[in-house]
1. What distance in nm separates the simple spin-label points at residue 23 and residue 11, each placed 7 Å from Cα in the Cβ direction?
2. Full-extension gain between residue 43 and residue 31, please, as 0.36 nm times their residue separation minus the C-alpha to C-alpha distance.
3. Which residues' amide hydrogens lie under 5 Å from the amide hydrogen of residue 15, considering only partners 5 or more residues apart or on another chain, with H built in the peptide plane?
4. Roughly how many Å² is the accessible area per residue of the chain, as a whole number, for a 1.4 Å probe?
5. With all protein chains present, how much of the accessible area of the chain (probe radius 1.4 Å) comes from carbon and sulfur, to the nearest whole percent?
6. For the chain, list the cysteines whose Cβ sits under 4.7 Å from no other cysteine Cβ?
7. Assigning unit charges at the beta carbon (Lys, Arg +1; Asp, Glu -1) and nothing else, what dipole magnitude in debye, to the nearest 20, does the chain show about its Cα centre?
8. For the chain, what does the helix formula give at 222 nm: sum of -39500 (n - 2.57) over DSSP H segments with n ≥ 4, over the residue count, nearest 500 deg cm²/dmol?
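The values are calculated or read from the model by the stated rules, or taken from the named source; none is laboratory data. Note that this is a predicted model, so its numbers are computed, not measured. Here the Cβ is made from the backbone with ideal geometry for all residues, glycine too, and neighbour counts use every protein chain on show. Side chains included, ligands, DNA and RNA excluded: accessible areas come from the protein's heavy atoms. Shrake-Rupley method; radii C 1.70, N 1.55, O 1.52, S 1.80 Å.
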Amino acid sequence: MANLHVREDVARAGRCANLHLPTGRTCLLPERHPGTCDFTEPREAGETVG
């Protein structure tokens, strides 16, 4: 089952991967991090997993 709020490729890399839907930005903090997400540009997220 897919979750539209998570980028699966980034999540497989052990990152939070929550997606901010209006902007397409992704949280690259570690999975289950404390506090709020720190969203980065989609290009940066792609470089993290690529």
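1. About 2.2 nm separates the two model spin labels.
2. Values: separation 12, 0.36 × 12 = 4.32 nm, distance 1.93 nm.
Between residue 43 and residue 31, full extension yields an extra 2.4 nm.
3. When sequence neighbours closer than 5 places are left aside, the close amide H contacts are 31.
4. On the way: 3590 Å² over 50 residues.
On a per-residue basis, 72 Å².
5. Details: 1900 of 3590 Å².
That fraction is 53 percent.
6. Here no cysteine comes out as lacking a disulfide-compatible partner, given the Cβ-Cβ threshold of under 4.7 Å.
7. Numbers: 6 positive and 7 negative charges, 21 e Å.
Dipole size: approximately 100 debye.
8. Details: 2 runs with 13 residues, N = 50.
My calculation for the chain gives -6000 deg cm²/dmol from helical runs alone.
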